[in-house]
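Participant: If you scroll down you'll find the structure; I have some questions about it.
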Amino acid sequence: MVKRPKTKATKPAGGVGDQRVAEIKYPRRTERRKRTKAKILDVAAKQFSEAGYGATTMQNIADAADVHVTTLFMHFKAKSDIALSLAALSIDSFRSRAFDARETVSVFDFVRQEALAVAKALKNRTNSDLGLWSALYRDKDLAFAWSEYDRERKSIIADYVAAVYEFDREVDYRPDIVASLLLTSAFLPHRRWLETSSRGNLVHEIAAALGTGESAARHILEPLPPTAS
């Protein structure tokens, strides 16, 4: 009798398939990896805030997270990858806060609250996101990450405006114009405060800048005059 050759079970061709198989076969190992990655990100955020992005090394992060540097490189290929992951988490958190606030808080109050919270944290150095924010803005290696970070924040606020004022962003530019105006009004005092040695009252400067931006934004959001037939 001729023996039929045994067929081998096919394996996923790498990527997401492999990861899902691993999660099914080794749930404890997968959970441990997730906890380790979360710890690394938390420690890195604090390191960036306290020492600065440029001065922080992968070895610093590994030591603070109490993992071998080889383990760190298994999760992140470079320090910039950690920064990108932190930026993505920050954007996700910002998006969630914006979505939750739509029903009860005006977009103007929301932007003001967010900007003033950052201002107070800058003065007191109480927010671990600040080192990352500063690195995204200053570091040339993270220029692309900063542009994406800035673009995502503006898109989130534009969606906020569109939802509240019932605009269609596909055909109406006003939500995007207002988002850019408000976030730029909030950002300019931050930039001046970081770049100058003679620092004034950041909270007051942001409030004043946002007052100007809000006045212009409200004018933009007024109903458009009817077009002549």
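Throughout, read-outs are computed from the coordinates displayed, never taken from laboratory work. Because the structure is predicted, anything quoted here is derived from the model rather than measured. Positions of Cβ are backbone-derived with ideal geometry, glycine not excepted, and every protein chain shown enters the neighbour counts.
Participant: Given the peptides 202-212, 174-184, arrange them by the average over their residues of other C-beta atoms within 10 Å, most packed first.
Facilitator: 174-184, 202-212
Participant: Sticking with the crude label model, points 7 Å out along Cα→Cβ, report the distance from Asp63 to Ala38 in nm, one decimal please.
Facilitator: 2.7
Participant: Only counting other Cβ atoms within 10 Å, I'd like Tyr165, Tyr160, Tyr173 sorted with the fewest neighbours first.
Facilitator: Taking fewest neighbouring Cβ atoms as first place, the list is Tyr173, Tyr165, Tyr160.
Participant: Longer than 27 Å from Cα to Cα, which of Lys34/Lys120; Lys39/Lys77; Lys46/Lys140 are they? Say none if no pair is.
Facilitator: Lys34/Lys120
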